[in-house]
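What follows is a single structure, written as structure tokens, with notes after it.
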Amino acid sequence: MKHLFSSVILVLVFLMTPIAYGKECKVNDPDIAKHYEGGCKNGLAHGEGLARGRDEYKGGFRNGNPHGFGVYKWGKDSDWATEIYEGSWYEGDKTGFGTVSVSANSSAPGIKWVTEQGQLVGKRYVHHGYWYKDNLIHTCESQENCFVSFVEKHNLAPKGKGNAQKISTQQLRTKLTELLKDKIDESDIPEELKDKVSACFIDMVVNELPTDKDGFIILNESTAEKMNQLLARQSLMQEQLKGCVASSVFTPIDFNVLKVDMESMRGERVSVEGIGIHMMDLFIIKKDEGSTNMISVDISNIDRDQKIMILNKCANPILGCKVTVYGSVDDVSFETGIVAKLVEFR
């Protein structure tokens, strides 16, 4: 009986542990998808894990992709053989501060830039910097000095009183615009609005930094830490970008005007405020709590996190939740409604 009890406990522990092996939990990158062990959620690698294939990755995962901090090692059959990246990831891309190193003896074609630009440390060439969507946008020795070294490299910091260095907000905006050019990838943004979205996004980042009475950003350890926190918080950056997309692409319209003119507005991108209600797999909005006029909303294309928030906040059929819906006027459940791109809670 004692041995039977111990066996039952072991089985329960095994079943309750969120660890997946082999093909039970999917890793999206085919180069590391052959073997996997670690956290799993909805059939995808999620949490801490180790994935192997031609290459190897150990670190954080989200929705099947490297996410958070992790170490990626390219295999011997890769064009980047012996390369190792250790640093921040966001949804499968190198994004944030990270360090690349390669063997000094490697002749792999994809790593030549590291041997040319990196420093030889022991038997490996090493290169530190800040990455955005797999692109190295700035070289710096540590996350702490990324912002200050960026400013110094581009000669943007005139000397202030004493040893203080300053940079105008406009100078920083200009340089960030150059660095992030063509790197904000939102296929739904009309080409003529991409510059506006980029400027909005950069303004949101720059405006978070403290300035002196003359409007200059003072470069010190505190400011550098703040800037690095902003750049490292990728989830915040994505939310900021969504807000910029929404304000730039979708035309605000009154609920009642939209309700009356909906048929003639098919295909137009609009944003409308109202009370959202979710029930029986349907999401609708109405102008206010006492209104009986409703507009159907298709939320199949919004983020999973937004869907969960709708379920949590908008399930009360009487009170609902205050929302702003951004989307296109189109067919929804055999009637004209809004196909949502983004739902914001007010």
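All of the numbers you see were taken from the coordinates with simple rules; none came from a lab. These numbers come from a predicted model, not from an experiment. Don't worry about glycine lacking a Cβ; one is built from the backbone with ideal geometry, like all the others, and counts go over all protein chains shown.
Observations
- The string of couplings for segment 292-305 from the Karplus curve (6.51, -1.76, 1.60, θ = phi - 60°) is 10, 7, 10, 10, 6, 10, 8, 9, 5, 9, 7, 4, 4, 4 Hz, one whole number per residue in order, with x for Gly and Pro.
- Fully extended contour minus Cα-Cα distance, from Asn207 to Leu136, at 0.36 nm per residue: 23.2 nm
- Of Lys133/Lys322; Lys94/Lys313; Lys26/Lys313; Lys26/Lys133, pairs whose Cα-Cα distance is over 29 Å: Lys133/Lys322; Lys94/Lys313; Lys26/Lys313
- FRET efficiency estimate (nearest 0.05) - Cβ-Cβ, Asp261 to Ile318, R0 45 angstrom: 0.95
- Positive minus negative residues near Met262 (Lys, Arg vs Asp, Glu; Cβ under 15 Å): -3
- The string of couplings for segment 332-346 from the Karplus curve (6.51, -1.76, 1.60, θ = phi - 60°) is 9, 6, 6, 8, 7, x, 10, 8, 6, 9, 8, 10, 9, 9, 9 Hz, one whole number per residue in order, with x for Gly and Pro.
- Largest to smallest principal axis extent of the C-alpha atoms in segment 266-325, angstrom: 29, 25, 18
- Whole-Hz Karplus values for segment 50-56 come out as 10, 10, 10, x, 4, 10, 9 Hz, taken residue by residue from phi with 6.51 cos²θ - 1.76 cosθ + 1.60 and θ = phi - 60°; glycine and proline positions read x.
- Between amide H atoms placed 1.01 Å from N, distances below 5 Å from Tyr132 occur with Gly96, Ile137, all of them 5 or more places distant or on a separate chain.
- Footprinting exposure proxy for Val339, Val332, Val102 (fewest neighbouring C-beta atoms within 10 Å first): Val339, Val332, Val102
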